[in-house]
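Since the structure comes first, as structure tokens, the remarks are kept for the end.
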Amino acid sequence: MNDLVALFISSAFIENMPLTLFLGLCTFLALSRRPGTAVWLGIAVIAVMGVTVPLNHLLYRYVLAPGAWAWAGMPDLDLSYLRLLTFIGVVAAAVQLVEMIMDRAMPALFATFGVFLSLLAVHCAILGGSLFMADRSYNLAQSAVFGLGAGTGFAVAVIMLSAIRRRLAYADLPQGLQGLGIAFILTGMMSLGFSTFAQVALP
Amino acid sequence: MKLWAQVTDPILHQNPVTLQILGICSALAVTTTLAAALTMSAALTAVIIAASGIISLIRTHLPSSIRLIVQIIIVASLVIVVDQFLQAFFYEMSQRLSVFVSLIATNCVVLGRTESFALHNRPLPAMADALGNGLGYSAVLIILGTMRELFGRGTIMDIPVLPTIEQGGWFEPMNLMLLAPSAFFLLGGLVWAIRSWRTEQVEKLEYKLAPAEEPRR
């Protein structure tokens, strides 16, 4: 139990997806202009990562990993090179499924939320989460916690950045820095702040 | 002539990274050394040219309802080929790049170009445009990679340029350059530099502050 808590904290803060691993930066910068959209984006990322990472874990372990087909008399079969294609397919399908369920069950929420969901089908952080899971050979519980933790880290970072960027409306910036330039520098400062988490001693 | 413009335009005027915020994810993670940046640039340029060519060839047979998933599958298959190639011939480098080669599959530069250009154009212009965007992306990676390696370690491509104190020289390596924050600062500075030079790239303000009223006497 303790190491699951440690994994959650380390995936959310120490190895923060956008700030220390540079994953999911495209949406991180493009959708952080307003706190309202940032909150929805964060929730969507947590939900999709929490579902797809454990799902991909099951697929990887029982279909793709070397030796997964030993029970069928093919112990040498190694399909792990197909993991990228499989993971992308699972993420896209999961996103589509969540979209359909939401459209049916909560149409009002879907109207505000749906745009972000379809964006997530090609999101570096979500795919990266699944790839890290396979690289580090987590078990099922660990991959579920890792997915939720990494999603939470993304949500925290994007909401913080959007809050800062809203304040920037009152700042008198040099012309060339407006928009993208200052967003990068702010992200760098947040990343400096998050790097202090690396000193946290986990149990 | 037009093809030439399609290759050179994205390098400075329409740079995919600094103007369109595409593909930053991998641009920052792999630039701690120049060698890694070059490998990543070559991999991405190869994938984007092949993907644009293939998608442009089948563009008339592609129903628009499934075009996204077909593009993703084509790109992902090409990425697998590149990944296997790196693992076979440059094993150490592929370990150092870890998941970032695979993440070319979700790199927005690739999907952005195939979706917005290759789907509507003949193969030759599509590939020229892809080459240009690949080079534009590579230019940013090479600039960042050179600066981070030079100031972080005092070397370029592992050849010592600035003699470090450890080797009896005068240069104190800046460890911050090898960490995540410096990549953001450098890219922010690069964007600033480009936009101060090419002022037409400056973003318009969403809203402006009203001028302060004259104080009443």
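Laboratory data are not the source of any read-out in this text; all were calculated from the coordinates shown. Quantities reported herein were computed from a predicted structural model and do not represent experimental measurements. Virtual Cβ from ideal backbone geometry, glycine too; neighbours counted across all protein chains shown.
Exactly which trypsin sites (Lys or Arg not before Pro) in region A:129-177 are in a DSSP loop and have at most 11 other Cβ atoms within 10 Å?
Working: sites: A:R136, A:R165, A:R166, A:R167; in loops: A:R136.
Qualifying residues, ordered by number: A:R136.
Once amide H atoms are placed 1.01 Å from N in the peptide plane, what residues at a sequence separation of 5 or more from B:I156, or on another chain, have their amide H within under 5 Å of its amide H?
Residues meeting the amide H criterion: B:V161.
What helices does chain A hold that run 24 Å or longer along their axis, going by alpha-carbon atoms, with a Kyte-Doolittle average of 0.0 or more, using DSSP H for the helix calls?
On the way: long enough: A:35-59 (35 Å, 1.56); A:83-105 (32 Å, 1.32); A:140-167 (41 Å, 1.09).
Qualifying helices: A:35-59, A:83-105, A:140-167.
Kindly give Rg over Rh for the protein assembly as shown, based on alpha-carbon atoms, with the Kirkwood expression for the hydrodynamic radius.
Ratio of gyration radius to Kirkwood radius for the protein assembly as shown: 0.98.
If you rank B:H61, B:H13 by fewest surrounding Cβ atoms within 10 Å, what's the result?
Values: B:H61 7, B:H13 14.
Fewest-to-most Cβ neighbours within 10 Å comes out as B:H61, B:H13.
Mind checking which of B:G169, B:G152, B:G112 has the largest fluctuation in a GNM of chain B, springs on alpha carbons under 10 Å?
B:G169
Within chain B, which whole H helices from DSSP have a Cα span along their axis of at least 20 Å and a mean Kyte-Doolittle hydropathy of 1.6 or more, if any?
Numbers: long enough: B:34-57 (34 Å, 2.06); B:67-89 (33 Å, 1.95); B:123-153 (43 Å, 0.72); B:180-197 (27 Å, 1.16).
What comes out of the filter, once short or polar helices are dropped, is B:34-57, B:67-89.
How large is the convex hull of the Cα atoms of chain A per residue, expressed in Å³ as a whole number?
Details: hull volume 27.7 nm³, N = 203.
Measuring per residue, one finds 136 Å³ for the Cα hull of chain A.
Calculated from DSSP H runs of 4 or more alone, at -39500 (n - 2.57) each and per residue, what is the 222 nm mean residue ellipticity of chain A, nearest 500? Provide the component values of the computation, followed by the final result.
On the way: 9 runs with 135 residues, N = 203.
It comes out at -22000 deg cm²/dmol, rounded to the nearest 500.
Given N residues in region A:1-106, what is Rg(Cα) / (2.2 N^0.38 Å)?
1.34
What area, in nm² and to one decimal, does the C-alpha convex hull of region B:2-141 cast on average over all directions?
Numbers: hull surface 31.4 nm².
The Cα convex hull of region B:2-141, projected and averaged over all directions, gives 7.8 nm².
What residues have an amide H closer than 5 Å to that of B:F171, excluding those fewer than 5 places away on the same chain, when H is modeled at 1.01 Å from N in the peptide plane?
Here the answer is B:T164, B:I165, since their amide H atoms fall under 5 Å of that of B:F171.
Apply the Karplus parameterisation 6.51 cos²θ - 1.76 cosθ + 1.60, with θ equal to phi minus 60°, to every residue of region B:97-107 and state each ³J(HN,Hα) to the nearest whole Hz, in sequence, with x for glycine and proline.
Rounded to whole hertz, the list is 6, 6, 7, 6, 5, 4, 6, 4, 4, 9, 5.
Alpha carbon centre of region B:65-123 versus region B:133-147: separation in Å?
18
Once you mark the chymotrypsin sites (Phe, Trp or Tyr not before Pro) that are in a DSSP loop and have at most 10 other Cβ atoms within 10 Å, what is the longest gap between them in chain B? It would help to have the intermediate numbers written out before the result.
Numbers: sites that count: B:W170, B:Y207.
That would be B:1-169.
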